[in-house]
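Heads up: the structure comes next, in structure tokens.
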Amino acid sequence: MGLLITSIILQILVVILLLVVGRMDYEPNRGQRKRDNRWVVAFNDISTAGIFFITVVNIFIASFIAHGKAYIPPVNAESAWNEKMYQQRKA
């Protein structure tokens, strides 16, 4: 659940950052782009890194989900034993 929340928060932050970059990158008076602005370049690099981290988090999320069901590991050895016995009785 924490990975899902982290992914959503990162996605929202990157969208906001990309909107800021798009707003800063355009000069309406001249109709041209201002690529030499160092803040635009820095925010663009940060948003690219944010997209990379979102991808990594989403890969971790996908690794915990199998066939539509999330794998939740048992908390302790006793619950693992009980789950194993339940699976054997069910089969």
TODO: Compute the length gained on full extension between Lys90 and Trp39: take 0.36 nm times their separation in residues and subtract their Cα-Cα distance, giving the result in nm to one decimal.
DONE: 12.3 nm
Task: Karplus-derived HN-Hα couplings along segment 56-63 (A = 6.51, B = -1.76, C = 1.60, θ = phi - 60°), whole Hz, x at Gly and Pro - done: 5, 4, 5, 5, 5, 4, 5, 6
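We did not get these values from a lab; they are worked out from the coordinates using the rules stated. Remember, it's a predicted structure, so these values are computed and weren't measured experimentally.
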